[in-house]
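Below: the structure, in structure tokens.
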Amino acid sequence: MAPPRHPRFSVPTRGVMALSGALALLAGCGGGDDDDGPGQRRAVIEFQGKVNGQDFSCGATYSNVGVGQPGTYQVTDWRFYVHNVELVTVDGARQALELNQDGAWQYQNVALLDLRRDCGNGALPTNAFVAGTIPNDRYTGICFKVGIPYELNHVNDATAPSPLNNSGMLWNWRGGRKFIRIDGMGAPGDVDRATAFHIHLGSTQCPGSDPNAPPSAACGYPNIAEFCLDKFDVDQDTIVMDIGTALEASNVAFNTPDTASGCMSANSDPECIPIMPRLNLDFTYIAGADTTPEQYPKTVPQRLFSVGNHE
Amino acid sequence: MNRVLGWAVALGLSLAAGGCGGDDGDDASSPSTTTSSGYFESLPPGFPTPKESVDNPLTNAKIELGRHLFYDPRMSVNQTMACASCHQPARAFSDGRPTSIGATGENHPRNAMSLSNVVYNATFNWANPGLATLHAQALIPMFGEFPVELGWSDREAEILDRFRHDPLYRQLFADAYPGESDPFDADRVAKAIAAFGSTLISGNSPYDQSTYQGNRNAMSEAARRGQELFFSERMECFHCHGGFNFSQAVSHSNITLAQAEFHNNGLYNINGTGDYPLSNRGLWEFTHRSADMGRFRAPTLRNIELTAPYMHDGSIATLEEVLDHYSRGGRLIAEGPLAGDGAKNPFKSELIVGFSLTTREKQDVIAFLQSLTDWAFLCDPRFADPFGNFEAHSHCHQ
């Protein structure tokens, strides 16, 4: 069996990048398969946001989220990066989707999904699709990683190409980008109980003395997980990301004082204990200086992403 | 003119010499970056190339015209105010007042924004989602009537005649708009001022020297400690003030996705309903959506030390008090018509949740903010008043 064939990526100069982005956009508008090459086909994968099975709508409040009372949760931001998207053939071989270099949502093998649509921050563009080309074959599954590969995660935002310069996804230079950004509020509208509760996933323990310099070595906890879905028909199905599953064991109306609101991936944040394993990540909780790290293995099977249907 | 030429070579020269034009050598470490007009020849190290408006390409002559107009009191109807009156060079192009006062004495509801790095703004003004170019922005203080700022409305011809009949401006306009028989109109005035404004790029602070220029000692130890706090999930400052310009709402040549972001930071909560004062409701004034009440654009923090007082209405006097505000997670106004607890504003950004800092930590964060003060920018003669009325900061004379 042939090894997975990865697209060859170059790092073009900015001018060439802009040009190729423009060409990609033109090609995208024109339709047609002229540029796909022999034996190649286009593939467009749609992502949908859901909260406990209900469609995500920006600013909407959902009920029965997590284990606390009252269990209401309002979601106001929903963005995430994916990379290394591969389709899987019937015999289990993986084939990389070569992403369109559109100069906006996709760069090299990384794509930004932005499901916000009308989140009240002005007219923001949104994107629910990953689009690319792939050799003709019969595919029955899909795999992708959430996040940004290390080599691209810690580049200077000022000179990074889109979508790596999306300012709302910046953490800092050393820490890289937020891989997932879900902003939310537990018990919204209840003046006494309303609690900001977010999920911001990213790499942690990236070594270095300066937050505004690249890390000096690989991050201690890259926090990049791969997700594989069987019985996925790229022409028929969508991928559902249900954040209710990540929050199913959390009390979204409570946040440990003096820790980040919700879980921002910190190894010392108790709110991350029930969440990180549900993002398909092994989590190490370190309460303090003299405590033994606690291990919380990822939840198997993962349920964050599942196969859905076009609606 | 020579000072401007020394900073960035003219269009024709840059095309001919391909970035070898600079001869004074004071920016040797800058990368060579050019826009379509070839203008942004010498940017601070690590900075992205600004977007250049296709309908307003930069030239040295246009920038020089804009610099004169920016500092000229004849720009106001009664010749009392220049653009620089609210955007004073000694205050990093802000005015030191809580809210500004127009040429005819009318009070403006908003605090004058610093012009540091305006060319990188995604949108302009405090909360106007549709104002996307400096050229369009410049027309607002010129023609605004509610309140009157410079007072051009209905007085346009009279004001333009001042320039039309001045030999200095005849030459400046002719150089800026070559081949045009009558370039004396409001649009060309606004374009020239926008051109000058777009050159006000600040990127040589101790923070920049440390971050982009390899000079780690440029920042004090206190500033370094403050930097860690600023970028921590404990304080959460960087969510809105992140990235190279310390503002989420940036635009430049690499940005293809709009980054217009607006946030309610818990300054008010009148009667507990989330309302802001009538004169300052932010994005809500454009959308009338509840969720947009009190949402304003997070401005850059560059040169923030010099731009007090703070917030869209100048209602916080010092950086220390700004930290107190965010530390509490919003402002409590105990009594009076604005009474309410901003920390409980239902439309407040979910990322403003409060924190506690020790006295030393607070000083460290202030030291970090002070490390964003760029004296090379503030004292740069290319940005100075050609008429000598508006002084540079006293630090520049030392």
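Considering A:ASP190, A:ASP183, which residue is closer than 28 Å to A:SER250 by Cβ and either at pLDDT below 90 or aromatic (Phe, Trp, Tyr) (or both)? If you could, list the steps in order and put the result at the bottom.
Working: A:ASP183 fails: either at pLDDT below 90 or aromatic (Phe, Trp, Tyr) (or both).
Criteria check complete, one pass: A:ASP190.
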Requested in this report: Taking A:ASP290 as the residue in question, decide whether it is farther than 28 Å from A:ILE142 by Cβ and open to solvent by 60 Å² or more (accessible area, probe 1.4 Å).
Outcome: yes
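Which ranges mark the strands (runs of 3 or more DSSP E) fully within the range A:51-131 that have 2 or more residues being among the hydrophobic types (A, V, I, L, M, F, W, C)?
Values: elements: A:73-89, A:94-96, A:110-114.
Counting at least 2 such residues, we get A:73-89, A:110-114.
Residues B:SER202, B:SER232: which one is closer than 25 Å to A:ASN166 by Cα, more than 8 Å from chain A (Cβ to nearest Cβ) and either free of Cβ contacts under 8 Å to residues at least 12 places away in the same chain or among the β-branched types (Val, Ile, Thr) (or both)? Walk me through how you get there before you give the answer.
Values: B:SER202 fails: either free of Cβ contacts under 8 Å to residues at least 12 places away in the same chain or among the β-branched types (Val, Ile, Thr) (or both).
It is B:SER232.
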Report task. Could you check, for the range B:239-259, whether at least one of its residues is of a type outside the set (S, T, N, Q), more than 22 Å from B:GLY354 (Cα to Cα) and away from every other protein chain (no Cβ under 11 Å)? Result -> no
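Within the range B:42-50, is even one residue more than 14 Å from chain A (Cβ to nearest Cβ) and not in a helix (DSSP H, G or I)? Lay out the reasoning, then the answer.
Residues of the range B:42-50 that are more than 14 Å from chain A (Cβ to nearest Cβ), as a first pass: B:42.
Those still in the list that are not in a helix (DSSP H, G or I) too: B:42.
Yes, the range B:42-50 has at least one match.
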Query raised in the report: Looking only at residues in the range B:181-204 that are touching a Phe, Trp or Tyr at 6+ places or on another chain (Cβ under 8 Å) and not in a helix (DSSP H, G or I), which one is surrounded by the fewest Cβ atoms within 10 Å (Cβ to Cβ)?
Result: B:PHE184
Query - Considering residues of the range A:206-226 that are farther than 21 Å from B:GLY243 by Cα and out of contact with any Ser or Thr (no Cβ under 8 Å at 6 or more places or on another chain) only, the residue surrounded by the most Cβ atoms within 10 Å (Cβ to Cβ) - result: A:ALA225
Query - Filter pass, A:ALA111 being free of Cβ contacts under 8 Å to residues at least 24 places away in the same chain, open to solvent by less than 10 Å² (accessible area, probe 1.4 Å) and in contact with a strand residue (DSSP E or B) (Cβ under 9 Å, 6 or more places away or on another chain) - result: no
Query raised in the report: Restricting the search to the range A:178-235, which residues are more than 9 Å from every other protein chain (Cβ to nearest Cβ), of a type in the set (S, T, N, Q) and assigned to a loop (DSSP other than H, G, I, E, B)?
Result: A:SER203, A:GLN205, A:SER216, A:ASN223
Query raised in the report: Limited to the range B:112-159, what total is found for residues that are assigned to a helix (DSSP H, G or I) and within 30 Å of B:ILE255 (Cα to Cα)?
Result: 12
Query raised in the report: Can A:THR195 be described as open to solvent by 10 Å² or more (accessible area, probe 1.4 Å), over 19 Å from the mean Cα position of the chain (by Cα) and among the hydroxyl-bearing types (Ser, Thr, Tyr)?
Result: yes
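Return the only residue of A:ASN156, A:ASN165 being open to solvent by 10 Å² or more (accessible area, probe 1.4 Å), within 12 Å of chain B (Cβ to nearest Cβ) and not in a strand (DSSP E or B). Give the derivation first.
Values: A:ASN165 fails: open to solvent by 10 Å² or more (accessible area, probe 1.4 Å).
Residue meeting the stated conditions: A:ASN156.
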Query raised in the report: Going by the structure shown, is B:GLY242 without any contact (Cβ under 8 Å) to a residue 60 or more places away in the chain, among the small types (Gly, Ala, Ser) and open to solvent by less than 10 Å² (accessible area, probe 1.4 Å)?
Result: yes
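The values are calculated or read from the model by the stated rules, or taken from the named source; none is laboratory data. Small disclaimer: the values here were computed from a predicted structure and weren't measured. Neighbour counts are summed over all protein chains in view; Cβ atoms, including those assigned to glycine, are modelled from backbone coordinates with ideal geometry. Accessible surface areas use protein heavy atoms only, side chains included; no ligands, DNA or RNA. Shrake-Rupley method; radii C 1.70, N 1.55, O 1.52, S 1.80 Å.
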